[in-house]
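Working notes, beginning with the structure itself.
The values are calculated or read from the model by the stated rules, or taken from the named source; none is laboratory data. Computed from a prediction, not measured in an experiment: that's the story for all the values here. Quick reminder, even Gly has a Cβ in these numbers, built from the backbone with ideal geometry, and neighbours come from all protein chains shown.
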Amino acid sequence: MDLPTVESQSRAVADAIGAAREQTPLVPSITNAVTIDYVANAQLAVGGSAAMVHMPDEGEFIARAGAAVYLNVGTLMPVLAETMTRTARTLRSCGTPWVVDPVAIGIGAMRTDILLTFGECRPTVVRCNASEAIALARLWGLLDEGAKAGVRGVDSTDEVDAAREAAVAIARHTGGAVAVSGKVDLVTDGTTVARCAGGSELLTYVTGSGCALGGVTAVYAAVADPFTAALAATLMFNYASDRAASVADAPASFKVAFIDELFRASKVPDEVAAKGFALERA
Amino acid sequence: MDLPTVESQSRAVADAIGAAREQTPLVPSITNAVTIDYVANAQLAVGGSAAMVHMPDEGEFIARAGAAVYLNVGTLMPVLAETMTRTARTLRSCGTPWVVDPVAIGIGAMRTDILLTFGECRPTVVRCNASEAIALARLWGLLDEGAKAGVRGVDSTDEVDAAREAAVAIARHTGGAVAVSGKVDLVTDGTTVARCAGGSELLTYVTGSGCALGGVTAVYAAVADPFTAALAATLMFNYASDRAASVADAPASFKVAFIDELFRASKVPDEVAAKGFALERA
Amino acid sequence: MDLPTVESQSRAVADAIGAAREQTPLVPSITNAVTIDYVANAQLAVGGSAAMVHMPDEGEFIARAGAAVYLNVGTLMPVLAETMTRTARTLRSCGTPWVVDPVAIGIGAMRTDILLTFGECRPTVVRCNASEAIALARLWGLLDEGAKAGVRGVDSTDEVDAAREAAVAIARHTGGAVAVSGKVDLVTDGTTVARCAGGSELLTYVTGSGCALGGVTAVYAAVADPFTAALAATLMFNYASDRAASVADAPASFKVAFIDELFRASKVPDEVAAKGFALERA
């Protein structure tokens with residue numbers, strides 16, 4: 001299969017960014033308590049419409065009513081065992097695109113059970129850091145024992161390149177895409193690998209930037225193919241965070257500037273899509 | 001019954017804004033996880049004292065101890081089925097003023113059950129958008145089948161005028177007031193209808209602005225009659241958001257400026273009350 | 001026992017601030033929904049690594065894996081009855097330092113039960129306001145009936161000096177430290193009492209500033225003795241909030257400036273440690 005060219009892929013990214021702003025897709029989430037407000041505000045900033053739920057029947061409702069759905073397994077509560085799994089199964093049967101963030105994989109039995117069900121239901125996009133990609137690929141039985149993940153709280157201890165094999169394996173398993181965030185970001189659909197440089201380190205001082213990236217990825221998954229959606233969200237974050245870092249040098253003013261810049265970036269899709277990325281065969 | 005004049009109603013609004021700042025009323029909430037921090041910070045900004053709970057006995061405690069209470073049915077969890085209904089019944093029996101936001105009405109069985117109980121307990125103020133007003137009036141059996149609500153996630157798909165009949169019907173049922181937010185805001189106690197223009201569109205890019213308006217309405221319900229409380233909060237939001245929009249043109253810096261302006265507005269009640277509104281018979 | 005000198009104690013504070021930034025200790029929390037994002041962002045700003053959980057097995061995990069843990073009893077949910085108590089017992093048996101905020105003590109049966117268990121497990125640091133210190137000392141049977149607490153929502157109605165006896169009694173019971181926040185802050189380990197002046201009143205208009213202080217105290221408890229940790233966090237908040245108040249005069253812009261200043265303050269430990277405090281015998 002031929003890889004897309006950078007030019008054609010840039011065009012697809014710009015189209016996705018513009019389509020989200022025009023269509024205001026409804027993109028509900030089941031997500032963690034720490035960053036739920038950041039996820040919603042990031043989604044609104046790029047043109048999406050947000051709605052967050054916790055109850056099982058509401059999860060099934062959003063799986064049917066949403067243009068795409070975001071599921072993040074942070075700060076689990078008892079009811080979410082049922083809600084997350086019923087929602088994932090409904091998403092699968094409806095064919096609604098969905099994005100998963102396996103945050104804190106490895107901590108607690110409920111998170112493991114939910115992520116195993118997600119493996120069966122095959123999410124459209126997985127958004128994670130390097131350690132989480134490796135841990136998820138191992139949990140789903142996609143990697144040899146040789147591959148080693150270092151998970152530490154919600155922070156990554158592995159570089160993105162260490163997770164290349166895991167990311168490709170996950171994408172081939174789901175038939176969707178995987179976005180691994182780091183100093184260099186890696187996005188793959190199992191055939192093509194995109195690498196994107198840039199993005200401010202200040203993002204790592206703002207809790208939930210990865211969660212917000214997942215939520216924005218889901219907005220684009222409502223209007224584009226999985227690989228383009230994951231790449232569009234990643235490029236938006238790199239573009240907006242670079243601009244925010246040019247006006248703010250500390251975390252809280254940076255966060256404000258960053259959400260503002262996401263809003264502005266969503267109105268200039270071509271500039272964002274011109275943000276550098278390279279493509280290679282997986 | 002004679003309608004109030006704009007002059008006398010403005011005086012009542014200014015008095016409510018000043019009284020809240022002087023008395024620092026304790027106004028607890030049971031509210032959703034997305035915007036709980038925004039609600040609390042908005043309440044503090046206008047002079048209120050906030051406290052948020054989830055447990056049933058705590059709900060009864062705040063119903064007795066609060067000067068007013070705010071109940072918002074977003075992001076429901078299992079325990080809230082009992083907490084919301086026991087709290088509403090205690091509020092009713094104690095006569096404590098309370099404000100309800102029926103956010104996401106129509107999604108999930110628990111939300112419907114809770115809102116039916118609220119209908120029996122007759123909240124002091126209902127704060128919602130046009131679609132929610134119509135859906136609530138229908139749920140409570142107050143509207144003919146002809147009236148049609150379009151609920152879509154947590155966003156409104158109807159204009160405020162389409163909800164005039166529903167709002168008046170709800171206010172007559174509860175004996176309190178209803179505030180419907182939109183480009184033009186409508187506030188009614190079933191006898192008088194106030195229309196308020198203004199308010200920045202950027203509020204719609206900040207998740208939870210409606211929730212925060214409900215929380216602030218509850219602060220004023222602690223020190224004023226329901227119609228004055230709903231109108232005071234609405235005018236505060238229009239005044240502060242217009243000022244915020246004059247210094248910020250993107251959502252996150254706008255949110256910061258908006259909460260700052262709520263704080264400043266609470267110290268100039270006469271200016272806020274002079275914000276234009278018109279009165280007509282319901 | 002000799003008291004530390006201000007000079008030696010300042011040195012210890014500066015060392016703690018520097019060590020936290022260098023070591024990036026993992027400091028998980030079980031904390032309330034209102035301010036969970038503020039706690040995490042404040043912890044990141046001073047160099048810590050945050051992770052928030054709700055489930056019982058996750059609580060035991062963080063008690064073992066964390067360099068220190070923060071437990072805050074606001075917005076309790078049913079599962080937290082088990083999670084909080086199992087976590088506290090594991091913290092006690094592992095010897096992991098932990099910080100408790102008894103916010104809203106006196107409201108609801110579950111909160112009382114959890115705080116009684118905490119009394120048996122003896123937290124490393126208790127961070128609270130004056131009313132809460134008095135209420136906690138009484139709940140734990142450490143004060144005569146003469147001592148009187150006025151708890152009102154989550155706000156303090158007592159001055160810090162009224163809580164001196166209670167704070168000393170709690171510290172002697174736990175063998176750790178107690179920090180009581182107010183216009184003047186009081187920190188004690190049962191032998192020495194530190195008083196710290198300063199800190200902007202605007203902090204009281206930002207919901208969760210006390211919670212964030214608790215979370216930051218836990219970061220320092222990971223790298224210093226309890227008294228030094230509590231004093232370091234208190235001095236950081238006074239230093240950063242004074243600086244923030246010099247550039248912001250309203251709550252939301254103040255909050256942004258305050259978190260930014262925490263980040264900057266963490267890089268100048270000597271300046272922060274030079275922030276005035278006085279030491280006296282308990």
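One table, with the values for the structure above:
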item	result
Every residue from segment C:1-26 that is part of a loop (DSSP other than H, G, I, E, B) and under 18 Å from C:L235 (Cβ atoms)	C:L3, C:P4, C:T5
Search result, residues across segment A:84-104 that are in contact (Cβ under 8 Å) with a residue 12 or more places away in the chain and surrounded by fewer than 24 Cβ atoms within 10 Å (Cβ to Cβ)	A:T85, A:R86, A:R89, A:T90, A:R92, A:C94, A:T96
In segment C:1-43, the residues that are touching a Leu at 6+ places or on another chain (Cβ under 9 Å), over 21 Å from C:S241 (Cα atoms) and either facing chain A (nearest Cβ under 10 Å) or crowded, with 24+ Cβ neighbours inside 10 Å (or both)	C:S29, C:I30, C:T31, C:N32
Matching residues in segment C:100-132 - criterion: being touching a Lys or Arg at 6+ places or on another chain (Cβ under 6 Å) and of a type in the set (A, V, I, L, M, F, W, C)	C:C121
Any hit, segment A:192-206, residues being under 25 Å from A:A162 (Cα atoms), in contact (Cβ under 8 Å) with a residue 40 or more places away in the chain, buried (at least 24 other Cβ atoms within 10 Å of the Cβ) and within 13 Å of the chain's Cα centre (by Cα)	no
Residue list for segment C:245-263, filter: over 16 Å from C:G208 (Cα atoms), away from chain B (no Cβ under 13 Å) and touching a residue at least 12 places away in the same chain (Cβ under 8 Å)	C:A245, C:E261, C:F263
Residues satisfying the stated conditions in segment A:179-219, i.e. under 22 Å from A:P97 (Cα atoms) and of a type in the set (S, T, Y)	A:S181, A:T188, A:T191, A:T192, A:S209, A:T217
In segment A:44-61, the residues that are buried (at least 24 other Cβ atoms within 10 Å of the Cβ), more than 8 Å from chain B (Cβ to nearest Cβ) and assigned to a helix (DSSP H, G or I)	A:G59
Lone qualifier among B:R86, B:R172 - being farther than 28 Å from B:A50 by Cβ and modelled with pLDDT of 95 or more	B:R172
C:F61 aromatic (F, W, Y) and more than 22 Å from C:V187 (Cβ to Cβ)	yes
All positions within segment A:193-218 that are hydroxyl-bearing (S, T, Y) and farther than 19 Å from A:V46 by Cβ	A:T204, A:Y205, A:T207
Residue that is surrounded by the most Cβ atoms within 10 Å (Cβ to Cβ) [pool: residues in segment C:243-282 that are small (G, A, S) and within 19 Å of C:F227 (Cα to Cα)]	C:A273
Top-ranked residue of segment B:27-43 - restricted to ones that are among the β-branched types (V, I, T) and part of a helix (DSSP H, G or I), ranked as farthest from B:T83 (Cα to Cα)	B:V39
Hits in segment A:106-128 - residues which are within 13 Å of chain C (Cβ to nearest Cβ), surrounded by fewer than 24 Cβ atoms within 10 Å (Cβ to Cβ) and not in a helix (DSSP H, G or I)	A:G106, A:G108
Residue check for C:V126: touching a residue at least 60 places away in the same chain (Cβ under 8 Å) and over 20 Å from A:A81 (Cβ atoms)	no
Any helices (runs of 4 or more DSSP H) falling wholly within segment A:172-282 and containing at least 1 residues that are of a type in the set (S, T, N, Q)	A:209-221, A:226-245, A:251-265
Top-ranked residue in segment B:62-78 [being aliphatic (A, V, I, L, M), under 24 Å from B:G210 (Cβ atoms) and within 9 Å of chain C (Cβ to nearest Cβ); ranked as surrounded by the fewest Cβ atoms within 10 Å (Cβ to Cβ)]	B:M77
Single residue of segment C:217-242 satisfying the filter (β-branched (V, I, T) and touching a strand residue (DSSP E or B) at 6+ places or on another chain (Cβ under 9 Å)) that is surrounded by the fewest Cβ atoms within 10 Å (Cβ to Cβ)	C:T228
